[in-house]
Amino acid sequence: MKKAIVEIVDVIDTGQVYQELSHPKSGGICVFVGAVREFTQGEEVVSLEFEAYRTMALKEMEKIAMHASDQWQLNAVVVRHAVGPKEIEEPVVVVGASAPHRDACFTACRYLIDTLKERVPIWKKEFFKNKSVWVSAHP
Amino acid sequence: MEVLLFGIAKDIVGKSLLRLDTSENLPTSVKELKQTLVSSFPQFGKLSSLAVAVNSEYAEDDVSLKQGDEIAIIPPVSGG
């Protein structure tokens, strides 16, 4: 049975993802975790915050999960993003794919995170010591 | 007509919901809405991209806007 978990949460628990992706027909499970990095282009980030257009973000995440699931015949897929204030080293996004063999889950995992970053309406604001910036807003 | 604002769009307008008055000429398409925004708030013209969502789906410029649609401005996304 195919399984897709798509969620927007306040706090990500990276410990739960293996259980969610584990499947009797899967010989490979691939997970990507995105975290808060301390430095952006040489500047020290104090903290950051994510905001989402929740209904649309969930719809887009669902589309990405379904497409990956069909394209690479996944047994399970997870797409989970966090919102709200985040500290350095905190996980902010987890995507994962579970498939019979590793090639499919590596490729699917890459597709999940790349497409999420490109399409899902979630915004990151970085707070530095003296300013704050919406990431990617300006060329 | 109400327009939802997120991220930098919220900062540019100064609120999370923009009400376009019915006495004005209301935009009838996504393209017109973008034009209205850029002329009222020139900072929208400086963004890397400016997308619009209608009923929580990305909408191209030629999509028409109808009463009751949920309309949102989608500035450059930066999730992940």
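The values are calculated or read from the model by the stated rules, or taken from the named source; none is laboratory data. Bear in mind the structure is a predicted one, so any value in this text is a computation, not a measurement. Quick reminder, even Gly has a Cβ in these numbers, built from the backbone with ideal geometry, and neighbours come from all protein chains shown. Heavy atoms of the whole protein, side chains included, go into the accessibility calculation; ligands, DNA and RNA do not. Shrake-Rupley method; radii C 1.70, N 1.55, O 1.52, S 1.80 Å.
Ranking A:P85, A:G27, B:Q43 by how far each Cα lies toward the positive end of the dipole of the protein assembly as shown (charges on Cβ) leaves A:G27 at the top. Ranked from largest to smallest solvent-accessible area, with a 1.4 Å probe on the protein heavy atoms, B:V30, A:V46 come out as A:V46, B:V30. Mind pulling the angle between the C-alpha long axis of helix A:54-71 and the longest principal axis of chain A? Nearest 10 degrees, somewhere in 0 to 90. The angle comes out near 40 degrees.
Could you state the accessible area per residue of chain A in Å², with a 1.4 Å probe and every protein chain left in place?
53 Å²
Computed on protein heavy atoms with a 1.4 Å probe, the accessible areas place A:H67, A:H138, A:H81, A:H101 in the order A:H101, A:H138, A:H67, A:H81, largest first.
Shielding by partners for peptide A:129-135, expressed as the average number of C-beta atoms from other protein chains within 10 Å of each residue's C-beta, is 3.
What's the buried accessible area, both sides, between A and B using a 1.4 Å probe, rounded to 100 Å²? The partial results should precede the final answer.
Working: alone 8370 and 5230 Å², together 11440 Å².
Using a 1.4 Å probe, the pair buries roughly 2200 Å².
Per-residue counts of other Cβ atoms within 10 Å, averaged by peptide: what ranking do you get for A:26-33, B:13-20, highest first?
Working: A:26-33: 17.4, B:13-20: 13.1.
Per-residue mean Cβ counts within 10 Å order the peptides as A:26-33, B:13-20.
Summarising the amide proton neighbourhood of A:V45: residues at separation of 5 or more, or on other chains, whose placed amide H is nearer than 5 Å comprise A:F39, A:T40. Close amide H partners of A:I5, meaning residues 5 or more places away or on another chain with modelled amide H under 5 Å apart, are A:V77, A:V78, A:V79.
Per-residue mean of foreign Cβ neighbours for A:113-124 is 5 (Cβ atoms of other chains, 10 Å radius).
Out of the DSSP beta bridges found with both residues in chain A, what percent are antiparallel (nearest 5)?
Values: 29 of 36 bridges.
Among the beta bridges of chain A, antiparallel pairing accounts for roughly 80 percent.
Of the accessible area of the protein assembly as shown, computed with a 1.4 Å probe over protein heavy atoms only, carbon and sulfur atoms account for 49 percent.
So how do B:D62, A:D70 rank on accessible area, 1.4 Å probe, biggest first, that is with the largest at the start? Don't skip to the answer; put the middle values down first.
Numbers: B:D62 130, A:D70 100 Å².
Reading off the accessible areas and sorting them downward yields B:D62, A:D70.
Between the helical axis of A:102-119 and the longest alpha-carbon principal axis of chain A there is an angle of about 40 degrees. Compute the signed sum of charges (Lys and Arg +1, Asp and Glu -1) over the other residues within less than 15 Å, Cβ to Cβ, of B:V63. Every neighbour counted, the sum reads -4. Inter-part distance, the range B:1-61 to the range A:63-139, computed on C-alpha centroids, equals 26 Å. Could you work out the longest stretch of chain A that avoids the GluC sites (Glu not before Pro) located in DSSP loops with at most 14 other Cβ atoms within 10 Å? So the longest stretch without any such site is A:90-139.
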